[in-house]
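What follows is a set of notes on a single structure, which appears directly below.
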Amino acid sequence: MPQSAPTISVAMSVYNGERFLAAAIESVLGQTFEDFEFLILEDGSRDATRSIIAHYAARDSRIRPICRENRGLITSLNELLANARAPLIARMDADDICLPRRFERQVAFLAAHPDVGVLGTWTEDIDEAEAPYPLNAPEHPVDHEGFLAAIEAGAPLLCHPAVMYRRDLVRSVGGYHRAFRHCEDLDLWLRLAGLTHIANLPERLLRYRHYGEQVSSRHATVQQIGAAVSRFAYAERKAGRPDPTVGLNELPAVDDLDRLFGRPGVAREVRAFVAPSLLYSRAALGGDGFDILCRFVREGGQCEGLWRTVARLVLFGYPGRALRLALHLAAARG
């Protein structure tokens with residue numbers, strides 16, 4: 001007799017996650033709502049991740065390990081989506097912590113609101129040692145009207161590992177798109193915004209961890225460029241025009257975005273969107289983000305903190321880049 005499907009498929013992809021994985025798994029297994037399967041996709045790790053998963057899988061039959069060679073996060077998320085047996089999928093990352101009633105509260109809300117296809121929660125910010133992180137966690141929009149307003153304002157929308165969504169809805173739009181590396185979730189929410197209602201529970205039901213090695217720190221420039229492009233693609237769809245990013249495996253260089261969208265000025269607007277987010281990122285200022293910032297200044301762009309970034313570049317160990325930025329700022333001042 002075939003086994004009946006659970007209410008929730010918990011979807012976690014992990015790569016070299018041994019440091020925080022046990023705490024993340026235990027927070028899922030400790031949920032007050034217990035009718036779930038727990039898909040953990042081990043994406044070709046080179047540390048003890050696989051043995052940690054095996055340890056917990058031997059203790060709890062709800063865990064379904066998927067172990068294979070490394071293929072990257074977006075491929076892994078789509079594989080989890082394809083393997084999920086439940087009608088609801090709860091996303092979870094290997095470095096965060098669910099509070100005990102997270103699934104209970106989300107399932108109850110979705111049952112009472114069939115028009116809502118994606119439901120996040122507010123979060124608590126923690127550091128590597130699970131101490132409060134000195135950052136005010138955003139209070140994401142609690143209803144669809146607020147969600148649409150947040151899109152227009154460029155404000156935070158959802159915390160991906162706090163989200164629960166309806167499986168068939170996300171499958172119907174093709175899941176996560178490969179071109180939007182490190183911001184695949186934002187692109188997905190923007191594609192779903194016209195098809196379903198999206199909301200957040202105003203309860204802090206996930207502890208979101210901040211640390212230097214996380215993807216959002218290491219790939220800040222690519223993430224911010226993708227976020228900007230996803231918003232331009234959203235505007236195209238909203239205006240009834242074709243989305244030029246459909247079918248792309250990767251986004252073109254910023255300078256080629258005018259050609260992609262068929263109008264001048266897109267590349268410049270993307271640089272203006274991205275530049276303020278790069279000012280405090282060591283990885284961005286030491287990488288491709290620095291050239292975007294300089295181009296932004298040469299084009300007459302202004303934002304608070306540019307001169308302080310010169311000093312920050314020196315502290316980060318980039319005196320040559322500090323001098324270049326200072327010269328661009330002085331020239332722009334005229």
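The values are calculated or read from the model by the stated rules, or taken from the named source; none is laboratory data. All values reported here derive from a predicted model rather than from experimental measurement. Note that each Cβ is placed from the backbone with ideal geometry, even for glycine, and that neighbours are counted across all protein chains shown.
Scanning the stretch 101-122 for residues being in contact with a Leu (Cβ under 8 Å, 6 or more places away or on another chain), assigned to a helix (DSSP H, G or I) and of a type outside the set (Lys, Arg) gives a total of 4. For the residues 171, 167, 85, the requirement of being touching a residue at least 40 places away in the same chain (Cβ under 8 Å), under 20 Å from residue 184 (Cα atoms) and touching a Pro at 6+ places or on another chain (Cβ under 8 Å) singles out 167.
Checked against the criteria, residue 149 counts as in a helix (DSSP H, G or I), surrounded by fewer than 20 Cβ atoms within 10 Å (Cβ to Cβ) and in the same structural domain as residue 208 (by TED's automatic domain parsing). Scanning the stretch 173-187 for residues that are part of a helix (DSSP H, G or I) and closer than 12 Å to residue 78 by Cα yields 184, 185.
This table checks each residue for (1) small (Gly, Ala, Ser); (2) assigned by TED's automatic domain parsing to the domain that holds residue 224; (3) more than 15 Å from residue 224 (Cα to Cα).
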site	(1), (2), (3)
259	no, yes, yes
269	no, yes, no
274	no, yes, no
278	no, yes, no
281	yes, yes, no
286	yes, yes, yes
293	no, yes, no
300	yes, yes, yes
304	no, yes, yes
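Quick grid of which residues meet (1) touching a residue at least 24 places away in the same chain (Cβ under 8 Å); (2) crowded, with 16+ Cβ neighbours inside 10 Å; (3) under 20 Å from residue 170 (Cβ atoms); (4) not assigned by TED's automatic domain parsing to the domain that holds residue 72:
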{"residue": "20", "(1), (2), (3), (4)": "yes, yes, no, no"}
{"residue": "29", "(1), (2), (3), (4)": "yes, yes, no, no"}
{"residue": "37", "(1), (2), (3), (4)": "yes, yes, yes, no"}
{"residue": "40", "(1), (2), (3), (4)": "yes, yes, yes, no"}
{"residue": "43", "(1), (2), (3), (4)": "yes, yes, yes, no"}
{"residue": "46", "(1), (2), (3), (4)": "yes, no, no, no"}
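Might you let me know whether the stretch 279-300 holds any residue that is of a type in the set (Ser, Thr, Tyr), out of contact with any Leu (no Cβ under 8 Å at 6 or more places or on another chain) and at negative phi? Scanning the stretch 279-300 turns up at least one residue that is of a type in the set (Ser, Thr, Tyr), out of contact with any Leu (no Cβ under 8 Å at 6 or more places or on another chain) and at negative phi. Let me spell it out: the conditions are (1) farther than 22 Å from residue 137 by Cβ; (2) in the same structural domain as residue 154 (by TED's automatic domain parsing), and residue 245 meets all of them except one. Which number is the exception? The number of the failed condition is (2). Return yes or no: is residue 317 closer than 30 Å to residue 233 by Cα and more than 28 Å from the chain's Cα centre (by Cα)? For residue 317, the condition - closer than 30 Å to residue 233 by Cα and more than 28 Å from the chain's Cα centre (by Cα) - is not met. Taking the conditions (1) closer than 23 Å to residue 186 by Cα; (2) exposed (fewer than 15 other Cβ atoms within 10 Å of the Cβ) in turn, residue 65 satisfies each one other than (1). Residues in the stretch 237-280 that are among the β-branched types (Val, Ile, Thr), in a helix (DSSP H, G or I) and touching a residue at least 40 places away in the same chain (Cβ under 8 Å): 270, 274. Filtering 70, 83 for residues that are in the same structural domain as residue 178 (by TED's automatic domain parsing), among the polar types (S, T, N, Q) and touching a Leu at 6+ places or on another chain (Cβ under 8 Å) leaves a single hit, 83.
Among the residues of the stretch 299-309, the ones that are within 29 Å of the chain's Cα centre (by Cα) and assigned to a helix (DSSP H, G or I) come to 3 in all. Only residues that are crowded, with 19+ Cβ neighbours inside 10 Å and more than 20 Å from the chain's Cα centre (by Cα): list them for the stretch 1-18, please. Residue satisfying the conditions is 8 alone.
Checked against (1) within 15 Å of residue 78 (Cα to Cα); (2) touching a residue at least 24 places away in the same chain (Cβ under 8 Å); (3) in a loop (DSSP other than H, G, I, E, B), residue 137 passes all but a single condition, namely (1).
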